[in-house]
Amino acid sequence: MEQTKNELSWGIRVYLLEIVKGLAATISRMLGNLLDRRRIPTICYPEERRPISIRLRAKHRLLVRPDGKPRCVACMLCATACPAECIYIDAAEEPDKTIEKYPKQFRIDLLRCVYCGYCQEACPCDAIRMDTGIYEITGYDRSAFFIEREALLAGKPMPGVPDVPLPKTLPGLRIGER
Amino acid sequence: MNLSRLLDVEFLAMVAKVIVIPVVLMQAVPLMVWVERRGSAFIQDRLGPCRAQVLGFRFWGLLHLLADAVKVISKESIIPTRANRFYFLLAPILVVVTALMAYAVIPVADTVTWSDAKGRHEIAMSAAQVDGGIVYVFAIASLGVLGIMLAGWSSGSKYPLLGALRVASQMLSYEVSLGLSLVGALLIYGSLDPNEIVRSQGHLFLGVVPWWGILFQPIGFILFLVVGFAECNRTPFDLPEGESELVAGYHTEYSGMKFSLFYLGEYVAMMTFSSLLVTVYLGGWQVPWLPTQRLVALGGPLLAAGLQIGAFVAKVALFMWLFVWVRWTVPRFRYDQLMRLGWKVILPLSLANIAVTALVAPLLLR
């Protein structure tokens, strides 16, 4: 096998010229950035934000029926699918016999949630979604990270999320609403 | 002592110089830190620190310096148990004091002269007038290295010690070339007095080009520049604080104000070196094409001094920027490369420079 020669040329070994070339590279970079700040990819976070996709899995919300009651029928499929076991549901009997159950309590522990989206995949009623676009979740103690049913129901989708018609599988819907 | 002497212009000017020059030097350090941070950021496609604000005004990140000062002063003073207390505290002081002292002989403008009823007044624009000023700078600058070595040794910790060892050998290797690379220029000037050196760079070559040292000592200039980077422990020769292998080198155990004294010392040493370089090779305070006599004739001694200080500061600022610029361009040398460059390249070249200058200069100067 032929030995590849790895000898540097005289010009490179003197090094000074190479330093000048390097200096030219850095100064052109710097002047370009000084003249046009938009070339710098830094996002000045609280004032500027990176645009997020409408498909981003963020903080959860519970969806409501046309009459304002939660769509959730407390079937426990989301709690079962959840790998982080962060969903706690306390079911109660619904007066409407076609619905059977409703969540008296619905709590998500955001400190445990891994934002995998399995809960919205599992839900047969399209009752839970992660489309609020809220990804800055902060608090001073752990209790701030338990979100309860009322807060979940008050959640709004982020701008740009298209409306989806009510699912046919949602129990308790009257004929006109389907 | 005659009390009326206290009101003499010369005496007051002396006091003013002794106070103003160190204060300006120390105030220039945070500014340099700002240039270093923001400059490096823009070189690397970042924004750099720019978020500290007062009433919504950010002043391009300058307020971070204020915040840093508050932080550094209010930090706990930590002295490791295994450190030698006395030398540990002495080291940063030594570094700063020597760096500031070395600046004393550098003239920032031509001697200001005027006459009034009391007679003729002369005010030299350097804190001290030493005939062998260049030798004085070298002597004091070498003392600063002692401070760094002391810091490394007295910390009682292995990484600072390794940093100190590196400083010692690096300084030994480069101190020799530092002096020798300047000898060529000094042979031509025939003087060690910085003010005299600058004055002899005042005339024009062929009536067009300012006859500055860089024109008749280009090799000496490049050698002195390279060696100066090594003497200031700046990249690419910052092995004593090579953070990738030595944590932070000689100042690993230092924190708070003691750490920032090293920082201060480093930047002041850079300024001293830049000023020396400008004095010897770039005409010092000379305003190009405008000698002192013409400036005085145009607008009086004060305007002349002001313009000369401006020219001097501009030239020094150029080299300060070069320090920053090179730091964010050239990667650090390996230790053996550093030694090879010092002993096998720079030392022979500076000796050759002296030999050639000594042979050619008498012919040219005749």
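For A:I19, the test of being within 30 Å of B:R332 (Cα to Cα) and surrounded by 10 or more Cβ atoms within 10 Å (Cβ to Cβ) is passed. Listed conditions (1) surrounded by fewer than 20 Cβ atoms within 10 Å (Cβ to Cβ); (2) over 18 Å from the mean Cα position of the chain (by Cα) are all met by B:A139, apart from (2).
One residue stands out among those in the range A:129-148 that are acidic (D, E) and under 17 Å from A:L62 (Cα atoms): the one that is surrounded by the most Cβ atoms within 10 Å (Cβ to Cβ), which is A:D131.
If we keep just the residues of the range B:224-244 that are hydrophobic (A, V, I, L, M, F, W, C) and in a loop (DSSP other than H, G, I, E, B), which is nearest to B:M339 (Cα to Cα)? It comes out as B:F237.
Going by the conditions given, is B:L161 surrounded by fewer than 23 Cβ atoms within 10 Å (Cβ to Cβ), closer than 20 Å to B:L351 by Cβ and of a type outside the set (F, W, Y)? First the steps, then the outcome.
Working: surrounded by fewer than 23 Cβ atoms within 10 Å (Cβ to Cβ): yes; closer than 20 Å to B:L351 by Cβ: no; of a type outside the set (F, W, Y): yes.
No; evaluated as a whole, the condition is false for this residue.
The helices (runs of 4 or more DSSP H) found entirely in the range B:1-107 that carry 3 or more residues being within 30 Å of B:V130 (Cα to Cα) and under 24 Å from the mean Cα position of the chain (by Cα) are B:9-43, B:85-102. Across the range A:29-84, the number of residues qualifying as open to solvent by less than 70 Å² (accessible area, probe 1.4 Å), assigned to a helix (DSSP H, G or I) and either in contact with a helix residue (DSSP H, G or I) (Cβ under 7 Å, 6 or more places away or on another chain) or more than 24 Å from A:L153 (Cβ to Cβ) (or both) comes to 5.
Give the range A:14-37 a look and list any residue that's of a type in the set (A, V, I, L, M) and at the interface with chain B (Cβ under 8 Å from one of its Cβ atoms), or say none. Show your work before the answer.
In the first step, residues of the range A:14-37 are kept if they are of a type in the set (A, V, I, L, M); the result is A:14, A:16-17, A:19-20, A:23-25, A:27, A:30-31, A:34-35.
Passing the criteria: A:L16, A:I19, A:L23, A:A25, A:I27, A:M30, A:L34.
So if I check each of B:S126, B:S181, which one is outside any loop (DSSP other than H, G, I, E, B) and either open to solvent by less than 30 Å² (accessible area, probe 1.4 Å) or at negative phi (or both)?
On the way: B:S126 fails: outside any loop (DSSP other than H, G, I, E, B).
Testing whether each residue is outside any loop (DSSP other than H, G, I, E, B) and either open to solvent by less than 30 Å² (accessible area, probe 1.4 Å) or at negative phi (or both) leaves just B:S181.
Is it true that B:G310 is farther than 23 Å from B:C232 by Cα, within 23 Å of the chain's Cα centre (by Cα) and of a type outside the set (V, I, T)?
Working: farther than 23 Å from B:C232 by Cα: yes; within 23 Å of the chain's Cα centre (by Cα): yes; of a type outside the set (V, I, T): yes.
Yes, satisfied.
Among the residues making up the range A:107-118, those that are open to solvent by 10 Å² or more (accessible area, probe 1.4 Å) and among the hydrophobic types (A, V, I, L, M, F, W, C) are A:L110, A:L111, A:C113, A:V114, A:C116. Per the listing B:E253, B:E245, B:E266, the residue uniquely surrounded by fewer than 18 Cβ atoms within 10 Å (Cβ to Cβ) and on the phi < 0 side of the Ramachandran plot is B:E245. Of the listed requirements (1) at pLDDT below 85; (2) farther than 22 Å from B:A127 by Cα; (3) open to solvent by less than 50 Å² (accessible area, probe 1.4 Å); (4) assigned to a helix (DSSP H, G or I), B:P362 misses just one: (3). Looking across the range B:312-335, just one residue is among the hydroxyl-bearing types (S, T, Y) and either surrounded by 17 or more Cβ atoms within 10 Å (Cβ to Cβ) or within 18 Å of B:E266 (Cα to Cα) (or both), and that is B:T329. The set of residues in the range A:149-178 that are assigned to a loop (DSSP other than H, G, I, E, B), surrounded by 13 or more Cβ atoms within 10 Å (Cβ to Cβ) and out of contact with any Cys (no Cβ under 7 Å at 6 or more places or on another chain) comprises A:G155, A:P157, A:M158, A:V161, A:L166, A:P171, A:G172, A:L173.
Please indicate, with yes or no, whether at least one residue in the range B:245-267 is assigned to a helix (DSSP H, G or I), without any contact (Cβ under 8 Å) to a residue 60 or more places away in the chain and more than 22 Å from B:Y87 (Cα to Cα). Looking through the range B:245-267, at least one residue is assigned to a helix (DSSP H, G or I), without any contact (Cβ under 8 Å) to a residue 60 or more places away in the chain and more than 22 Å from B:Y87 (Cα to Cα). Quick one: is A:T42 within 14 Å of chain B (Cβ to nearest Cβ) and touching a Lys or Arg at 6+ places or on another chain (Cβ under 8 Å)? Answer is yes for this residue.
Taking the conditions exactly as written (farther than 20 Å from B:I21 by Cβ, within 22 Å of the chain's Cα centre (by Cα), open to solvent by 50 Å² or more (accessible area, probe 1.4 Å) and not basic (K, R)), does B:W289 satisfy them or not?
no
Against the list (1) open to solvent by 40 Å² or more (accessible area, probe 1.4 Å); (2) in contact (Cβ under 8 Å) with a residue 24 or more places away in the chain; (3) not small (G, A, S), the condition B:I106 fails is (1).
Filtering the range B:50-64 for residues that are open to solvent by 50 Å² or more (accessible area, probe 1.4 Å), modelled with pLDDT of 85 or more and more than 12 Å from chain A (Cβ to nearest Cβ) leaves an empty set.
The values are calculated or read from the model by the stated rules, or taken from the named source; none is laboratory data. Everything numeric in this text was worked out from a predicted model, so none of it was measured. Ideal geometry is used to build each Cβ from the backbone, glycine not excepted, and the neighbour counts take in all protein chains shown. The accessibility values were calculated without ligands, DNA or RNA, using every heavy atom of the protein model including side chains. Shrake-Rupley method; radii C 1.70, N 1.55, O 1.52, S 1.80 Å.
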